[in-house]
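First the structure, in the form of structure tokens, and then the observations on it.
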Amino acid sequence: MRPRGMRLSVLIVLLAALAAGCGDADTPATQPDGPCLGDLPVLRSIKADLDGNGTDEDVQLTGPRGECGAALRVVADRSFALVLAGGYDPVPDSLRDLGVGHGDSHVFLLRSDHPRGGFEVRLFAITPGRVDELTIDGKPVIPFLAADAPTEHVSADCTRHGFTVTEAVAHQPVGIVAAWDVYRTAYEVDGNYLTRGDRTEVADNVLEDELPAKYPDVVENRLFPGC
């Protein structure tokens, strides 16, 4: 049995494919003409063949309107959407299909920028009839990355059925000269679920001035450039 704790429980999945009252208890349903699936402002729309039938569906980032927050919506024969957490304001042009996943899943990316610098990336798995944010212990896989005073650097790239995340974190204990430890973690996406592999140490005690030359992707926070 796959662990269900890795789904973001604070977000509401709206399934237009189900009638109200049907489905799992933790999956509230709505009618196809529900207010948060109707006439909402479309900020960006990209096409993807989500069910492998050779026909593309529209994957849309919609803006908030009234009581409806921003949403990641799929427009198909049976439309469905994930209403994003209140206050989450992704950059429209950041919506990307990473082209990875196992089985019938597709992983999409959204990025939000902080007005004082820095950004946060969130990942979402879409399967026919369902959208979920991919999280670990209820938190985004990739942490918020500050621009002014970074406490860690992160890069990520795709694998056949998921992705890897490489982190440079401050070496402990802190020495006279600043140094970093580098770790890599593999993740696999199966349907709407995320499995975390082992966290492996890649390098230990890399000096501050050596880190950019040895790990430029990590220092520059390059996320999924090869996807």
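The values are calculated or read from the model by the stated rules, or taken from the named source; none is laboratory data. Nothing here was measured: the structure is a model prediction, and the numbers come from that model. Note that we place each Cβ from the backbone using ideal geometry, even for glycine, and neighbour counts take in every protein chain shown. Keep in mind that these areas ignore ligands, DNA and RNA; they rest on the heavy atoms of the full protein, side chains included. Shrake-Rupley method; radii C 1.70, N 1.55, O 1.52, S 1.80 Å.
Annotation: extensible slack from E152 through K139 equals 3.0 nm (criterion: 0.36 nm per residue apart, minus Cα-Cα distance).
Rounded to 0.05, the FRET efficiency of the L43 and D77 pair, given R0 = 25 Å and the Cβ-Cβ distance, is 0.60. In the stretch 127-159, which residues have a backbone nitrogen under 19 Å from the label point lying 7 Å from E220's Cα in the Cα-to-Cβ direction? Answer for the stretch 127-159: 145-148, 150, 152-158.
Ligands, DNA and RNA excluded, the heavy atoms of S79 present near 30 Å² of accessible surface to a 1.4 Å solvent probe. The stretch 81-210 gives an Rg/Rh value of 1.01, both radii derived from C-alpha positions and Rh following Kirkwood. Once the Cβ-Cβ distance of D204 and H161 is raised to the sixth power relative to R0 = 30 Å, the FRET efficiency obtained is 0.55.
Solvent-accessible surface of protein heavy atoms, probed at 1.4 angstrom with all chains present, puts D198, D49 in the order D198, D49, largest first. Under a model in which nothing but the beta-carbon of Lys, Arg (+1) and Asp, Glu (-1) is charged, the stretch 56-119 shows a dipole of about 280 debye around its Cα centre.
Across the stretch 170-227, Cα-Cα pairs farther apart than 12 Å form 73% of the total. Length, then width, then depth: along the principal axes, the Cα atoms of the stretch 89-156 run 40, 25, 19 Å.
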